[in-house]
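Written out below as structure tokens is the structure these notes cover.
The values are calculated or read from the model by the stated rules, or taken from the named source; none is laboratory data. Here the structure is a predicted model, which is why all the values come from computation and not from measurement. Note: ideal-geometry Cβ built from the backbone for every residue, glycine included; neighbour counts use all protein chains shown.
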Amino acid sequence: MKAILMLATWVWMAPIIACSLYAQQPPAVHTRLQKKIEVSANNTTTLVFSSNIRDADRGSDDIMIQQVSGFPSVLKVKAARENFAPTNLSVFTDDGTIHVISVKYDASPDSLCYPMLDSTMTADGVPYMQKKKGTEEFRVKNNCLFIASLKPERFGPTIAHHGMKMSLQACYIEAGVLYFKFKITNRSTIPFTMDFVRFYQRDRFQTRRSSSMERDMHPLTTSDEGKQVINAHSSVPFVAAFEQFTISDLKYFCVELFEHGGDRHLKLNLKGRTILRAKPLPDRQIVGAVFDK
């Protein structure tokens, strides 16, 4: 009788035990080796993954890493010191992938943004994470990081003051969004910490009896939303995205850059015809070779 009861108990418990063991199995893990990336002490390199980052590990303290707030699939990498020995970076993502990335120092890297392409890419080259999330914010932020990595161009006006220089390098249009790419250069020996950037429209001409009308404009997002430091004798790109707009010949689109803890600030006035010269956003497949360094 006891044997029958034990057998019946085993038959009843077997499916539960099997389900429990199956549930405890870890997700499938696969390793993906990446090509080398280049980082410097004066610029921030951005890695864009197709899945959320769960953890990351540095091969040495010679590099610094930080996740971007609000974008769990984006990782910023920067050199902690110059001319360090080649090292590696391991990034673990929610899709079970271990990205093993070789990192070497380059004072002037050709690319500042590396999309970590893998099998989760869709047929049109868009990360599955982006397709799944389906948010405009992620797409625009991704475009800002992509534009920041493109090689510089000569496009718009330049302003120089107090050993600082700011110039408009490109203007792109894509799906109703305007992207402005600026290059900010510190030609002094004192580091410049960006406090905030103000964008607004104002009248070009002002009579003595009338007041100048200013209308603040708020970007959808930017390529770097923190207090970025521009070290002595170095340059950084800065991209701001706005909902599509135009201005008349009687107005300026103004960009003002303020220093944190200092009085240096730059002001750039953009005319309406400059905005009308906006180019279509380049195809990632055409410029993709930049990322394969």
Pairs where the first residue, in region 135-164, is under 26 Å from Arg187 (Cα atoms) and the second is part of a helix (DSSP H, G or I) and modelled with pLDDT of 85 or more, C-beta under 6 Å, 6+ apart: Gly156/Thr274
Number of the condition not met by Cys254 [criteria: (1) surrounded by 15 or more Cβ atoms within 10 Å (Cβ to Cβ); (2) under 30 Å from Ala41 (Cβ atoms)]: (2)
Filter result for Phe205 (modelled with pLDDT of 90 or more, among the aromatic types (Phe, Trp, Tyr) and either within 19 Å of Glu153 (Cα to Cα) or not assigned by TED's automatic domain parsing to the domain that holds Ser108 (or both)): no
Test for Leu117: is it modelled with pLDDT of 75 or more, surrounded by 11 or more Cβ atoms within 10 Å (Cβ to Cβ) and either acidic (Asp, Glu) or within 17 Å of the chain's Cα centre (by Cα) (or both): no
So Asp61, is it among the acidic types (Asp, Glu), outside any strand (DSSP E or B) and modelled with pLDDT of 85 or more: yes
Failed criterion for Pro219 (all others in (1) within 22 Å of Leu145 (Cβ to Cβ); (2) assigned to a strand (DSSP E or B); (3) not charged (D, E, K, R) hold): (2)
Restricting region 208-234 to residues that are over 20 Å from Thr44 (Cβ atoms) and acidic (Asp, Glu), the residue that is modelled with the highest pLDDT: Asp216
